[in-house]
Amino acid sequence: MRAVMALSGGMDSTGLLMRLLADGFKVSCISFEYGQKHIVELQRAQANIAYLNANGYSVEHKIADLSSAMSLFHSALITGGEDIPEGHYEEEQMKATVVPNRNAIFSSILYGYALSVALREDTKVDIALGVHSGDHEIYPDCRPEFYSALEHAFAIGNWDSDRISLNLPYISGDKESILRDAEDAIENLGLDFDTVFANTNTSYNPDEWGRSSGTSGADVERILAFHAVGRADPVEYSTSWEEVLLAALEVEAMHKNAQYLKQLSTEQYRITRENGTEAAFSGKYWDEEREGDYMCICCGHLLFTSQMKFNSNCGWPSFHSEDENAEIRRNIDNSAGMVRTEVRCDKCNAHLGHVFDDGPERFGGERYCINSAALNLVLVRKEVKEE
C-alpha cells in the first residue's frame, strides 16, 4: 500500500504518519515551508523522520519551499503578520490564523506528487491528511465538503485520477481521538509515545528556544487533548505542564460558560452550571412515561433511557441505572447540612442531581434523583405501518 501525506510537524499529521506505518503503508511525506512563524515544526518533523529511520522505518521526506509565494498572503501565522491571538481555539479571533487558500495549495502539490508516484511505481496512492473536526469551526479548508469538492476538481482536471484517493481518517474525530489512535499505532510499531510527540510542535507562538507558549488556540486544544487521554504532554512548554494545563482548563471553562449562557434557559443554567435544584414536582419529566433517551441538556451525552426510569414519588425523575457508556461522575456533597452523593455529567461537568440508596433492589438498590432541567428527552420514533 502506498501513501503520500502532508507532514507539518504537528501532532495531527504525526499521529497520522504513525497510523499509516502501523497499517503497513509505504509513506512519502511532504512538509511545507511557507513563512510560518512556528517554523520550528519543520525541525520537529525532521527529528521524527530521523527517529523512525533509526528504528527501521524508512520514510521519504521532502520539504517544499513556498515562502516566496505565500509571503504575498495576509495571516497572523505568516512572518510579518499581526500577533498570534490567544484564547480558545473556536473563538472568533482565531480566524486571524487562517492562511488564505493554504490547504488548497498544499493539496494541489500533494496531488501532483501522488500522481507522479502512481505513474512511476505503477500503483494506486492514498493522499492522507490529518484534518479533524476541531479545525472545522475556524478553518473552512478543513471541512469535509471542501475536500469533497477539491477531490472532484482534481479528478476532472487530471489523467489517471482513478489511481488517487483522499484518505481523511480523522475528519469526524478530534485531537483526543487522534492521540488515542496514535497510542495504539505507536505501540504496534514498538516506538516510544513520548519521544514521538516530544518531536512535534502545535504552538503558533513558540518562544526563541522553540518552547510552546501554551496560550495560542492550537496550544489550548492540544493541552486539553493530552489531559483527556490522561497524559502529560511531553513537548516542552515555556512554563510547567501543571501551569499550562490549569490555564487551558480555565480558557475552556470560560468558553463553554459563554456558550451555555446562550444555549440554556435561566433555569437550566442555574441548575446545571450553578448546582441548583428545581422544586419537587415542578420539572417536566418527573412523571414522564414516554419512551426515549435522556440526554444531558448541555452536551447531548446519553445518560439514561426510559427503561431505566421508575416512579419513586419523590417529585424528580428517578432512574435505577445509568447507560453503560454514560460514565456519570460522583462527588461527595456536604452542602444543605447533609452528606449526599452528587452526580455530574462526565463530558461537560453539568450538575445533574444526586444518587441515593433507596432504589429498586433488583436493579442494585440505587435511585438517581435527577433534575428535569438537566435533561433532554429524545423520543423514540415509532414506525407507522401502512395498511
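Read-outs: derived from the displayed coordinates by stated rules, not from any lab. The shown structure was predicted, so the numbers you read here are calculated from the model rather than taken from an experiment. Quick reminder, even Gly has a Cβ in these numbers, built from the backbone with ideal geometry, and neighbours come from all protein chains shown.
Can you give me the Cα centroid spacing of the range 205-229 and the range 150-178 in angstrom?
28
Please list the non-local residues whose amide H lies under 5 Å from the amide H of residue 89, H modeled 1.01 Å from N, same-chain partners needing a gap of 5 or more.
Distant-sequence amide H within range of residue 89: 221.
For a quick check, take a GNM of the chain with Cα springs below 10 Å and name the residue from 279, 128, 374 with the largest mean-square fluctuation.
279
Highest GNM mean-square fluctuation, the chain, Cα pairs closer than 10 Å: which of 345, 142, 299?
Comparing 345, 142, 299 in a Gaussian network model of the chain, the most mobile one is 299.
Please list 3J(HN,Hα) in residue order for the range 219-230, calculated via the Karplus relation 6.51 cos²θ - 1.76 cosθ + 1.60 where θ = phi - 60°; whole Hz, with x for glycine and proline.
Coupling constants for the range 219-230: 4, 4, 4, 5, 4, 5, 5, 5, 4, 5, 8, x Hz.
Under a GNM of the chain (C-alpha, springs under 10 Å), which listed residue has the highest mean-square fluctuation: 34, 285, 113?
Sorting by GNM fluctuation, first place goes to 285.
Could you tell me the distance between the Cα centroids of the range 17-95 and the range 328-363, to the nearest Å?
Going from one Cα centre to the other spans 46 Å.
Subtract the Cα-Cα distance of residue 240 and residue 152 from 0.36 nm times their separation in residues, and report this length gain in nm to one decimal.
That works out to 27.1 nm of additional length.
Scan around residue 366 for amide H atoms under 5 Å from its own, H built in the peptide plane at 1.01 Å from N, and keep only partners 5 or more places away or cross-chain.
359
So how far apart, in nm, are the two label points at residue 123 and residue 324 if each is 7 Å from Cα heading toward Cβ?
4.1
On each of the three principal axes of the Cα atoms of the range 292-379, give max minus min coordinate, whole Å, ordered largest first.
The Cα atoms of the range 292-379 stretch 36, 29, 23 Å along the principal axes, largest first.
Tell me, what HN-Hα J-couplings in whole Hz come from the Karplus equation 6.51 cos²θ - 1.76 cosθ + 1.60 at θ = phi - 60° for each residue of the range 244-252, using x for Gly and Pro?
The phi angles translate into 5, 5, 4, 5, 5, 5, 5, 4, 4 Hz.
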